[in-house]
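Worksheet: the structure to be examined is printed underneath.
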Amino acid sequence: MIMTALKSYHLLNFMTILLAFLSARAVQSQEREEVYETGKMIFNTQCGTCHSVHKEMLGPMLASITQKHSEQWLIAFITNSQEVILSGDEYARHLFEEYNRTVMPSFDELSKQEIRAILYYLKEESEKPTGDWPTFADIEMNYSDNNISRGEQLFNGSCAICHFIGKDGEGPSLGSVTKRLPRPWLKRFIRNSQEVIKSGDPYAVRLFKNYDMQVMPPFDFLDDKDIDIILDYIEYQSASPPPVAGVNGRKTEAVMEVQQFDIDNKSMKKSNKMTFTIASMLLLLAGAVLHVFLMVKLFRYLLNRKKS
Ligand code: HEC
Ligand code: HEC
(Lines give C-alpha, C1' and ligand atoms only; values in the text may rest on other atoms or scores of the structure.)
(Ligands and ions follow the chains in the order given, each with its own letter.)
Protein backbone atom coordinates (compact mmCIF):
# COMPACT_ATOMS: atom_id res chain seq x y z
CA MET A 1 0.00 0.00 0.00
CA ILE A 2 2.71 2.44 1.05
CA MET A 3 4.90 1.39 -1.88
CA THR A 4 2.07 2.05 -4.35
CA ALA A 5 1.43 5.42 -2.76
CA LEU A 6 5.12 6.27 -2.90
CA LYS A 7 5.34 5.29 -6.56
CA SER A 8 2.26 7.32 -7.49
CA TYR A 9 3.72 10.20 -5.52
CA HIS A 10 6.92 10.17 -7.60
CA LEU A 11 4.96 9.80 -10.81
CA LEU A 12 2.73 12.71 -9.89
CA ASN A 13 5.74 14.86 -9.03
CA PHE A 14 7.32 14.03 -12.35
CA MET A 15 4.15 14.88 -14.26
CA THR A 16 3.75 18.16 -12.38
CA ILE A 17 7.28 19.18 -13.34
CA LEU A 18 6.65 18.21 -16.96
CA LEU A 19 3.42 20.20 -17.05
CA ALA A 20 5.08 23.18 -15.39
CA PHE A 21 7.72 23.06 -18.14
CA LEU A 22 5.11 22.85 -20.90
CA SER A 23 3.05 25.67 -19.47
CA ALA A 24 6.21 27.81 -19.12
CA ARG A 25 6.71 27.23 -22.86
CA ALA A 26 3.12 28.25 -23.54
CA VAL A 27 3.62 31.40 -21.47
CA GLN A 28 6.84 32.13 -23.37
CA SER A 29 5.13 31.92 -26.72
CA GLN A 30 2.36 34.11 -25.40
CA GLU A 31 4.97 36.64 -24.27
CA ARG A 32 6.44 36.65 -27.77
CA GLU A 33 2.93 37.20 -29.09
CA GLU A 34 2.59 40.18 -26.76
CA VAL A 35 5.93 41.67 -27.87
CA TYR A 36 4.78 41.24 -31.48
CA GLU A 37 1.46 42.98 -30.77
CA THR A 38 3.20 45.83 -28.92
CA GLY A 39 5.66 46.27 -31.79
CA LYS A 40 2.87 46.19 -34.34
CA MET A 41 0.84 48.76 -32.43
CA ILE A 42 3.77 51.19 -32.09
CA PHE A 43 4.78 50.64 -35.71
CA ASN A 44 1.28 51.30 -37.02
CA THR A 45 0.84 54.46 -34.99
CA GLN A 46 4.35 55.96 -35.20
CA CYS A 47 5.95 54.63 -38.36
CA GLY A 48 3.11 53.47 -40.61
CA THR A 49 2.55 56.85 -42.24
CA CYS A 50 6.00 56.66 -43.84
CA HIS A 51 6.95 52.96 -43.82
CA SER A 52 5.54 49.59 -44.75
CA VAL A 53 7.27 46.23 -44.39
CA HIS A 54 6.23 45.17 -47.86
CA LYS A 55 6.28 48.34 -49.89
CA GLU A 56 8.23 51.52 -50.35
CA MET A 57 6.39 54.62 -49.20
CA LEU A 58 7.84 57.97 -48.13
CA GLY A 59 10.63 55.99 -46.45
CA PRO A 60 12.25 52.70 -47.50
CA MET A 61 10.52 49.31 -47.40
CA LEU A 62 11.50 47.61 -44.15
CA ALA A 63 11.36 43.89 -45.07
CA SER A 64 14.53 42.04 -43.89
CA ILE A 65 15.80 45.25 -42.26
CA THR A 66 16.79 43.52 -39.01
CA GLN A 67 19.16 41.28 -41.01
CA LYS A 68 20.76 44.23 -42.78
CA HIS A 69 21.89 46.30 -39.81
CA SER A 70 23.08 45.60 -36.29
CA GLU A 71 20.51 46.06 -33.55
CA GLN A 72 22.69 48.81 -32.11
CA TRP A 73 22.65 50.76 -35.38
CA LEU A 74 18.88 50.36 -35.76
CA ILE A 75 18.21 51.57 -32.22
CA ALA A 76 20.49 54.58 -32.74
CA PHE A 77 18.91 55.44 -36.11
CA ILE A 78 15.32 55.11 -34.89
CA THR A 79 16.06 57.09 -31.73
CA ASN A 80 17.63 59.95 -33.65
CA SER A 81 18.35 59.44 -37.35
CA GLN A 82 19.79 62.91 -37.82
CA GLU A 83 22.40 62.28 -35.18
CA VAL A 84 23.56 59.15 -37.04
CA ILE A 85 23.58 61.01 -40.36
CA LEU A 86 25.53 63.94 -38.93
CA SER A 87 27.99 61.61 -37.22
CA GLY A 88 29.31 60.93 -40.73
CA ASP A 89 27.88 57.42 -41.15
CA GLU A 90 28.28 56.96 -44.90
CA TYR A 91 25.33 54.60 -45.34
CA ALA A 92 22.95 56.90 -43.44
CA ARG A 93 24.13 59.95 -45.38
CA HIS A 94 23.58 58.21 -48.70
CA LEU A 95 20.10 57.08 -47.64
CA PHE A 96 19.18 60.60 -46.53
CA GLU A 97 20.26 62.03 -49.91
CA GLU A 98 18.35 59.33 -51.83
CA TYR A 99 15.20 60.15 -49.91
CA ASN A 100 15.54 63.80 -50.89
CA ARG A 101 16.71 64.79 -47.45
CA THR A 102 13.38 63.87 -45.90
CA VAL A 103 13.98 64.07 -42.17
CA MET A 104 12.71 61.06 -40.29
CA PRO A 105 11.45 62.39 -36.93
CA SER A 106 13.42 61.34 -33.87
CA PHE A 107 11.78 58.86 -31.53
CA ASP A 108 13.78 59.44 -28.37
CA GLU A 109 10.65 59.06 -26.25
CA LEU A 110 10.58 55.35 -27.18
CA SER A 111 12.42 53.07 -24.76
CA LYS A 112 14.97 50.53 -26.01
CA GLN A 113 12.49 47.84 -25.09
CA GLU A 114 9.81 49.44 -27.24
CA ILE A 115 12.18 49.76 -30.19
CA ARG A 116 13.16 46.11 -29.74
CA ALA A 117 9.45 45.24 -29.88
CA ILE A 118 9.17 47.15 -33.20
CA LEU A 119 12.22 45.29 -34.52
CA TYR A 120 10.75 41.95 -33.45
CA TYR A 121 7.53 42.82 -35.26
CA LEU A 122 9.49 43.84 -38.38
CA LYS A 123 11.43 40.57 -38.37
CA GLU A 124 8.32 38.41 -38.01
CA GLU A 125 6.36 40.46 -40.51
CA SER A 126 9.18 40.21 -43.08
CA GLU A 127 8.59 36.49 -43.35
CA LYS A 128 4.88 36.74 -44.02
CA PRO A 129 3.41 36.43 -47.49
CA THR A 130 2.81 39.74 -49.14
CA GLY A 131 -0.25 38.75 -51.10
CA ASP A 132 -0.28 39.10 -54.84
CA TRP A 133 2.15 41.44 -56.43
CA PRO A 134 0.55 43.04 -59.43
CA THR A 135 1.80 41.17 -62.44
CA PHE A 136 3.09 42.92 -65.48
CA ALA A 137 -0.32 42.46 -67.12
CA ASP A 138 -1.94 44.56 -64.36
CA ILE A 139 0.41 47.47 -64.75
CA GLU A 140 1.02 47.27 -68.49
CA MET A 141 -1.51 49.94 -69.32
CA ASN A 142 0.23 52.65 -67.35
CA TYR A 143 3.72 51.48 -68.04
CA SER A 144 4.94 51.42 -71.59
CA ASP A 145 8.63 50.69 -71.04
CA ASN A 146 9.58 47.28 -72.33
CA ASN A 147 12.55 47.21 -69.99
CA ILE A 148 10.26 46.41 -67.09
CA SER A 149 9.08 43.19 -68.70
CA ARG A 150 12.65 42.33 -69.68
CA GLY A 151 13.67 43.09 -66.08
CA GLU A 152 10.94 40.81 -64.78
CA GLN A 153 12.20 38.01 -67.03
CA LEU A 154 15.79 38.44 -65.91
CA PHE A 155 14.77 38.69 -62.27
CA ASN A 156 12.56 35.61 -62.43
CA GLY A 157 15.23 33.70 -64.29
CA SER A 158 18.24 34.54 -62.12
CA CYS A 159 17.20 35.96 -58.77
CA ALA A 160 13.66 34.86 -57.84
CA ILE A 161 14.68 31.46 -56.50
CA CYS A 162 16.32 33.21 -53.56
CA HIS A 163 14.90 36.73 -53.45
CA PHE A 164 11.49 38.31 -53.07
CA ILE A 165 11.09 42.02 -53.40
CA GLY A 166 8.64 42.55 -50.56
CA LYS A 167 9.52 39.74 -48.18
CA ASP A 168 12.44 37.90 -46.65
CA GLY A 169 13.44 34.65 -48.38
CA GLU A 170 16.62 32.58 -48.82
CA GLY A 171 18.26 35.93 -49.35
CA PRO A 172 17.17 39.38 -48.13
CA SER A 173 14.16 41.23 -49.49
CA LEU A 174 15.33 43.45 -52.33
CA GLY A 175 12.70 46.11 -51.72
CA SER A 176 14.06 49.67 -51.88
CA VAL A 177 17.56 48.27 -52.36
CA THR A 178 18.31 50.62 -55.26
CA LYS A 179 17.83 53.59 -52.96
CA ARG A 180 19.43 52.04 -49.93
CA LEU A 181 22.74 51.25 -51.59
CA PRO A 182 24.73 53.02 -54.33
CA ARG A 183 24.37 51.46 -57.78
CA PRO A 184 28.09 50.88 -58.33
CA TRP A 185 28.19 48.94 -55.05
CA LEU A 186 25.13 46.91 -56.06
CA LYS A 187 26.69 46.07 -59.42
CA ARG A 188 29.90 44.89 -57.81
CA PHE A 189 27.96 42.82 -55.31
CA ILE A 190 25.70 41.21 -57.92
CA ARG A 191 28.62 40.41 -60.23
CA ASN A 192 30.61 38.80 -57.44
CA SER A 193 29.31 39.11 -53.89
CA GLN A 194 32.12 37.01 -52.42
CA GLU A 195 34.69 39.47 -53.73
CA VAL A 196 32.94 42.35 -51.93
CA ILE A 197 32.64 40.30 -48.74
CA LYS A 198 36.29 39.23 -48.85
CA SER A 199 37.37 42.84 -49.37
CA GLY A 200 36.08 43.38 -45.79
CA ASP A 201 33.15 45.66 -46.64
CA PRO A 202 31.44 45.79 -43.20
CA TYR A 203 27.88 45.93 -44.55
CA ALA A 204 28.43 42.94 -46.85
CA VAL A 205 30.21 40.97 -44.14
CA ARG A 206 27.33 41.45 -41.68
CA LEU A 207 24.74 40.50 -44.30
CA PHE A 208 26.69 37.36 -45.19
CA LYS A 209 26.85 36.35 -41.52
CA ASN A 210 23.17 37.08 -40.93
CA TYR A 211 22.28 34.84 -43.87
CA ASP A 212 24.25 31.94 -42.38
CA MET A 213 27.19 32.46 -44.73
CA GLN A 214 25.09 31.46 -47.67
CA VAL A 215 27.00 32.18 -50.86
CA MET A 216 25.11 34.13 -53.49
CA PRO A 217 26.38 32.83 -56.84
CA PRO A 218 28.35 35.28 -59.01
CA PHE A 219 26.51 36.78 -61.98
CA ASP A 220 29.55 38.01 -63.87
CA PHE A 221 27.98 36.89 -67.15
CA LEU A 222 25.36 39.63 -66.86
CA ASP A 223 26.46 42.79 -68.61
CA ASP A 224 26.10 46.26 -67.16
CA LYS A 225 22.89 46.95 -69.06
CA ASP A 226 21.22 43.72 -67.89
CA ILE A 227 22.00 44.53 -64.26
CA ASP A 228 20.64 48.04 -64.71
CA ILE A 229 17.45 46.57 -66.14
CA ILE A 230 17.09 44.17 -63.19
CA LEU A 231 17.67 47.01 -60.73
CA ASP A 232 15.13 49.22 -62.52
CA TYR A 233 12.62 46.41 -62.27
CA ILE A 234 13.32 46.04 -58.53
CA GLU A 235 12.97 49.79 -58.06
CA TYR A 236 9.70 49.81 -59.97
CA GLN A 237 8.23 46.87 -58.04
CA SER A 238 9.32 48.25 -54.65
CA ALA A 239 6.94 51.17 -55.01
CA SER A 240 4.11 49.36 -56.80
CA PRO A 241 0.56 49.32 -55.39
CA PRO A 242 0.25 47.80 -51.91
CA PRO A 243 0.62 44.06 -52.26
CA VAL A 244 -1.21 43.24 -49.06
CA ALA A 245 -4.43 44.88 -50.17
CA GLY A 246 -4.14 43.12 -53.51
CA VAL A 247 -5.23 44.59 -56.80
CA ASN A 248 -7.94 47.25 -56.34
CA GLY A 249 -7.76 46.85 -52.57
CA ARG A 250 -9.28 43.37 -52.62
CA LYS A 251 -7.68 41.11 -50.05
CA THR A 252 -6.23 38.06 -51.69
CA GLU A 253 -7.19 34.61 -50.50
CA ALA A 254 -3.63 33.94 -49.37
CA VAL A 255 -3.68 36.97 -47.08
CA MET A 256 -7.09 36.09 -45.66
CA GLU A 257 -5.93 32.55 -44.98
CA VAL A 258 -2.92 33.84 -43.10
CA GLN A 259 -5.11 36.14 -41.02
CA GLN A 260 -7.50 33.31 -40.22
CA PHE A 261 -4.52 31.16 -39.27
CA ASP A 262 -3.27 33.94 -37.00
CA ILE A 263 -6.61 34.12 -35.23
CA ASP A 264 -6.92 30.34 -34.87
CA ASN A 265 -3.37 30.16 -33.62
CA LYS A 266 -3.94 32.82 -31.02
CA SER A 267 -7.12 31.34 -29.54
CA MET A 268 -5.50 27.90 -29.55
CA LYS A 269 -2.54 29.21 -27.57
CA LYS A 270 -4.89 30.81 -25.03
CA SER A 271 -6.92 27.62 -24.52
CA ASN A 272 -3.69 25.58 -24.36
CA LYS A 273 -2.48 27.75 -21.53
CA MET A 274 -5.78 27.33 -19.63
CA THR A 275 -5.62 23.54 -20.00
CA PHE A 276 -2.04 23.46 -18.75
CA THR A 277 -2.89 25.60 -15.75
CA ILE A 278 -5.93 23.55 -14.71
CA ALA A 279 -4.10 20.23 -15.19
CA SER A 280 -1.11 21.48 -13.17
CA MET A 281 -3.38 22.57 -10.33
CA LEU A 282 -5.16 19.20 -10.23
CA LEU A 283 -1.87 17.30 -10.24
CA LEU A 284 -0.46 19.54 -7.53
CA LEU A 285 -3.56 18.92 -5.42
CA ALA A 286 -3.33 15.14 -5.87
CA GLY A 287 0.40 15.34 -5.08
CA ALA A 288 -0.33 17.29 -1.90
CA VAL A 289 -2.96 14.78 -0.73
CA LEU A 290 -0.56 11.88 -1.32
CA HIS A 291 2.20 13.81 0.39
CA VAL A 292 0.06 14.29 3.52
CA PHE A 293 -0.97 10.63 3.42
CA LEU A 294 2.66 9.49 3.26
CA MET A 295 3.71 11.86 6.04
CA VAL A 296 0.96 10.54 8.32
CA LYS A 297 2.07 6.96 7.58
CA LEU A 298 5.67 7.83 8.29
CA PHE A 299 4.77 9.60 11.49
CA ARG A 300 2.75 6.59 12.71
CA TYR A 301 5.56 4.23 11.79
CA LEU A 302 8.06 6.29 13.77
CA LEU A 303 5.70 6.50 16.76
CA ASN A 304 5.18 2.71 16.71
CA ARG A 305 8.90 2.12 16.59
CA LYS A 306 9.46 4.35 19.59
CA LYS A 307 6.78 2.53 21.57
CA SER A 308 8.11 -0.97 20.82
C1 HEC B 1 7.95 61.25 -41.58
C2 HEC B 1 8.25 59.97 -42.15
C3 HEC B 1 8.90 58.89 -41.31
C4 HEC B 1 8.46 58.35 -40.12
C5 HEC B 1 7.24 58.75 -39.29
C6 HEC B 1 9.37 57.28 -39.80
N7 HEC B 1 10.35 57.20 -40.77
FE8 HEC B 1 11.88 55.85 -40.84
N9 HEC B 1 12.62 56.75 -42.50
C10 HEC B 1 12.04 57.80 -43.17
C11 HEC B 1 12.89 58.22 -44.27
C12 HEC B 1 12.61 59.33 -45.26
C13 HEC B 1 14.02 57.36 -44.25
C14 HEC B 1 15.24 57.42 -45.18
C15 HEC B 1 16.40 58.06 -44.47
C16 HEC B 1 16.23 59.54 -44.20
O17 HEC B 1 15.67 60.25 -45.05
O18 HEC B 1 16.66 59.97 -43.12
C19 HEC B 1 13.80 56.45 -43.14
C20 HEC B 1 14.69 55.42 -42.78
C21 HEC B 1 14.45 54.46 -41.81
C22 HEC B 1 15.28 53.32 -41.52
C23 HEC B 1 16.55 52.91 -42.26
C24 HEC B 1 16.13 51.98 -43.39
C25 HEC B 1 17.23 51.40 -44.23
O26 HEC B 1 16.87 50.97 -45.34
O27 HEC B 1 18.38 51.33 -43.83
C28 HEC B 1 14.70 52.63 -40.50
C29 HEC B 1 15.20 51.36 -39.86
C30 HEC B 1 13.51 53.36 -40.14
N31 HEC B 1 13.37 54.45 -40.94
C32 HEC B 1 12.65 52.96 -39.13
C33 HEC B 1 11.56 53.73 -38.68
C34 HEC B 1 10.75 53.37 -37.54
C35 HEC B 1 10.91 52.12 -36.69
C36 HEC B 1 9.83 54.38 -37.40
C37 HEC B 1 8.78 54.51 -36.30
C38 HEC B 1 9.23 54.46 -34.94
C39 HEC B 1 10.04 55.33 -38.48
N40 HEC B 1 11.10 54.91 -39.22
C41 HEC B 1 9.27 56.46 -38.69
C42 HEC B 1 10.84 58.40 -42.86
C43 HEC B 1 10.09 58.16 -41.71
C1 HEC C 1 21.25 31.06 -54.43
C2 HEC C 1 20.57 32.16 -53.85
C3 HEC C 1 20.71 33.56 -54.47
C4 HEC C 1 20.52 33.94 -55.79
C5 HEC C 1 20.19 33.06 -56.99
C6 HEC C 1 20.66 35.39 -55.80
N7 HEC C 1 20.95 35.85 -54.54
FE8 HEC C 1 21.26 37.79 -54.01
N9 HEC C 1 21.64 37.22 -52.08
C10 HEC C 1 21.58 35.92 -51.61
C11 HEC C 1 21.97 35.91 -50.21
C12 HEC C 1 22.03 34.68 -49.32
C13 HEC C 1 22.27 37.23 -49.86
C14 HEC C 1 22.77 37.76 -48.49
C15 HEC C 1 24.26 38.00 -48.56
C16 HEC C 1 25.09 36.74 -48.61
O17 HEC C 1 24.78 35.75 -47.97
O18 HEC C 1 26.10 36.79 -49.36
C19 HEC C 1 22.04 38.04 -51.07
C20 HEC C 1 22.18 39.44 -51.12
C21 HEC C 1 21.87 40.22 -52.21
C22 HEC C 1 21.92 41.67 -52.24
C23 HEC C 1 22.22 42.62 -51.09
C24 HEC C 1 20.86 43.05 -50.56
C25 HEC C 1 20.83 44.09 -49.48
O26 HEC C 1 19.75 44.57 -49.19
O27 HEC C 1 21.85 44.44 -48.91
C28 HEC C 1 21.56 42.05 -53.50
C29 HEC C 1 21.45 43.46 -54.03
C30 HEC C 1 21.28 40.83 -54.25
N31 HEC C 1 21.49 39.75 -53.44
C32 HEC C 1 20.86 40.83 -55.57
C33 HEC C 1 20.66 39.67 -56.33
C34 HEC C 1 20.29 39.69 -57.72
C35 HEC C 1 20.03 40.94 -58.54
C36 HEC C 1 20.21 38.39 -58.13
C37 HEC C 1 19.92 37.87 -59.52
C38 HEC C 1 20.73 38.38 -60.59
C39 HEC C 1 20.52 37.55 -56.96
N40 HEC C 1 20.79 38.37 -55.89
C41 HEC C 1 20.52 36.17 -56.94
C42 HEC C 1 21.22 34.81 -52.33
C43 HEC C 1 20.98 34.77 -53.70
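The values are calculated or read from the model by the stated rules, or taken from the named source; none is laboratory data. The shown structure was predicted, so the numbers you read here are calculated from the model rather than taken from an experiment. Here Cβ is always computed from backbone atoms with ideal geometry, including for glycine, and neighbour counts include all displayed protein chains. The area values use the complete protein model at the heavy-atom level, side chains included, leaving out ligands, DNA and RNA. Shrake-Rupley method; radii C 1.70, N 1.55, O 1.52, S 1.80 Å.
Over all projection directions, the Cα-based convex hull of the chain averages an area of 24.4 nm². Can you give me the Cα centroid spacing of segment 49-82 and segment 173-225 in angstrom? Result: 19 Å between the Cα centres.
Of the residues Val53, Val296, the one with the largest accessible area comes first in the ranking Val296, Val53, computed with a 1.4 Å probe on protein heavy atoms. Karplus-derived 3J(HN,Hα) values for segment 285-296, using 6.51 cos²θ - 1.76 cosθ + 1.60 with θ = phi - 60°, are 4, 4, x, 5, 4, 4, 4, 4, 4, 5, 5, 4 Hz; glycine and proline are entered as x. The 1.4 Å probe gives accessible areas that order Arg188, Arg206, Arg300, Arg180, largest first, as Arg300, Arg188, Arg206, Arg180. When the pairs Lys112/Lys187; Lys68/Lys273; Lys7/Lys306; Lys7/Lys307; Lys40/Lys198; Lys209/Lys273 are compared against a 32 Å limit on Cα-Cα distance, Lys112/Lys187; Lys68/Lys273; Lys40/Lys198; Lys209/Lys273 fall above it. Of the chymotrypsin sites (Phe, Trp or Tyr not before Pro) found in segment 166-246, those in coil by DSSP whose Cβ has at most 15 other Cβ atoms within 10 Å are Phe221. Ranked from largest to smallest solvent-accessible area, with a 1.4 Å probe on the protein heavy atoms, Lys7, Lys179, Lys273 come out as Lys7, Lys273, Lys179.
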